[in-house]
Every structure is written in structure tokens, then in C-alpha cells.
Amino acid sequence: MKKSICILALLLAGCVSNEAPPYEINNKQFYENVDEQGNKVFAYVVSVKAKHRSNINLNNGGRGEKRPSRSDVKRYIEQEHFEDSSVLKLKLEDEAVRFLNQTLSENNYCENKHEITQVLWRDLSVQLRGRCL
């Protein structure tokens, strides 16, 4: 019994590890500047790669093509795409904050503290704007 549970756990772990990540970061950019009052300001942009959406042929078309199985249709419906997912966007935003904190630390840009004043979204990127305190 213990052996079968261990084997099942290993198989499930293998299935989980083979899944593709929900998005792939392809660009990180840090911009620094000084505003009119002499305060240090910054912008940090993180972009993800556009992911190809798989297509599923739901109609036979009379050409002898095999119709998709129920599991194929279910998998297609359950696919999470970055552009449509607020959960994935929030996950990327959290990662961007971590990357920003690391970059500020590595560049000794904000010696004391900093604050993020704006979060701007484009299709496949998030921009964090802020200032040093």
C-alpha cells in the first residue's frame, strides 16, 4: 500500500513539473531620473512573452478529421492566458515589486526608503513608478 502511494505521488509530481509556466518574463528595465524638485524618481518595467494560444477544431468539417475528445475540450477551456487573467497579472506585479526592490538595492538608488506611486498596465507588461523618500 505504501509503495503504491509513493508511486502515485511521484507520478503526480512529474505531471505538475512538466506543466509550462503560466508566463515567461522576457524583459526587465529600470529607469532613474530626478524630478523638478530634485527628488529621485524611478520607473521599472517588466514584460512577458506573448504566449501562443492553442487552437482546437470543434467541428468535423466532413473531411475525416477526428473530433476532439471531452478531455481535449476541457483542457482547452481551462487554459489560463495572461491577457485574460487578473490572477496572473497580480502575480507578475508582485514579482515586479521584488525585482524592483532588488534592483534599487543593487544600484544603491534609494538609500533610505522608497514608495511606488503608480502601477501602469499595458497588454503584456507592468510599469511601477515611484520615488525615493
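The values are calculated or read from the model by the stated rules, or taken from the named source; none is laboratory data. Model, not experiment: these values are computed from the prediction. When we count neighbours, we look across all protein chains shown, and the Cβ atoms used for this are built from the backbone with ideal geometry, even at glycine.
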Can you tell me how many residues in the range 82-122 are in contact (Cβ under 8 Å) with a residue 12 or more places away in the chain and over 17 Å from residue 24 (Cβ atoms)? 17
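Listed here are the residues, each with its yes/no results for (1) part of a loop (DSSP other than H, G, I, E, B); (2) modelled with pLDDT under 75.
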residue	(1), (2)
4	no, yes
7	no, yes
47	no, no
50	yes, no
55	yes, yes
72	no, yes
98	no, no
104	no, no
